Amino acid sequence: MAHRVIEHGATTKNPPENFTGDVWVDPIAVPQEEGQRMVVAKVRFAPGARTAWHSHAHGQTLHVTDGVALFGTRDGEVLRALPGQTVYCPAGEEHWHGADPEHFMEHLAMLENAEDPSTTTTGLEHVSDEDYVRRP
């Protein structure tokens, strides 16, 4: 297979059933050949926007490129990450991520699809304001 430029569609706004606030995604890498599973996307969050609770079959790596990011887990821990910092969420760990209330935030989201791509991410309920304000 030859080198080539991969064309991606337009920026999409993520659905409200999976997010609170305004969130946009641009795909960067998706599987191109048989056996590949890597997925990478640039995700941008408006201030206060965040994912719903969710988990990933093979974990997720998030690299902050702009703004102030918050990452929360079910045990109540909330991490704060700045541009250049990377956060790893282990396989199966229920978590959320988003922008702090005063800043936009952008990160690169990297994960490996499950054998059945429909089981890669398990979406759960929205993050309550109480869980969100439990900031570091």
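The values are calculated or read from the model by the stated rules, or taken from the named source; none is laboratory data. Keep in mind it's a predicted model, so treat the numbers as computed, not measured. Counting neighbours? That spans all protein chains shown, and the Cβs are built from the backbone with ideal geometry, glycine included.
For Glu106, are the conditions met, namely being at pLDDT 95 or above, assigned to a loop (DSSP other than H, G, I, E, B) and among the charged types (D, E, K, R)? Taking the combined requirement at face value, the residue does not satisfy it. Checked against (1) under 14 Å from the mean Cα position of the chain (by Cα); (2) farther than 30 Å from Arg4 by Cβ; (3) buried (at least 18 other Cβ atoms within 10 Å of the Cβ), Gly67 passes all but condition (1). None of Arg44, Arg50 is surrounded by 15 or more Cβ atoms within 10 Å (Cβ to Cβ), at pLDDT 95 or above, farther than 20 Å from Thr122 by Cα and within 11 Å of the chain's Cα centre (by Cα) except Arg44. Flag: His3 does not match the condition of being in contact (Cβ under 8 Å) with a residue 40 or more places away in the chain and assigned to a loop (DSSP other than H, G, I, E, B). Apart from one condition, Leu111 fits all of (1) assigned to a loop (DSSP other than H, G, I, E, B); (2) farther than 22 Å from Glu130 by Cβ; (3) in contact (Cβ under 8 Å) with a residue 24 or more places away in the chain; the exception is (1).
The sole residue among Gly9, Gly59, Gly76, Gly84 that is under 20 Å from Thr119 (Cβ atoms), out of contact with any Phe, Trp or Tyr (no Cβ under 6 Å at 6 or more places or on another chain) and without any contact (Cβ under 8 Å) to a residue 60 or more places away in the chain is Gly59. Looking across segment 53-64, the residues that are assigned to a strand (DSSP E or B) and either modelled with pLDDT under 95 or crowded, with 17+ Cβ neighbours inside 10 Å (or both) come down to His54, Ser55, His56, Gln60, Leu62, His63, Val64. Based on what the data block shows, is Thr20 among the hydroxyl-bearing types (Ser, Thr, Tyr), surrounded by 15 or more Cβ atoms within 10 Å (Cβ to Cβ), out of contact with any helix residue (DSSP H, G or I) (no Cβ under 7 Å at 6 or more places or on another chain) and more than 12 Å from Leu108 (Cα to Cα)? Yes: the conditions hold for Thr20.
Considered as a group, the residues in segment 82-103 that are touching a His at 6+ places or on another chain (Cβ under 8 Å) and assigned to a strand (DSSP E or B) include one that is surrounded by the most Cβ atoms within 10 Å (Cβ to Cβ), and that residue is His97.
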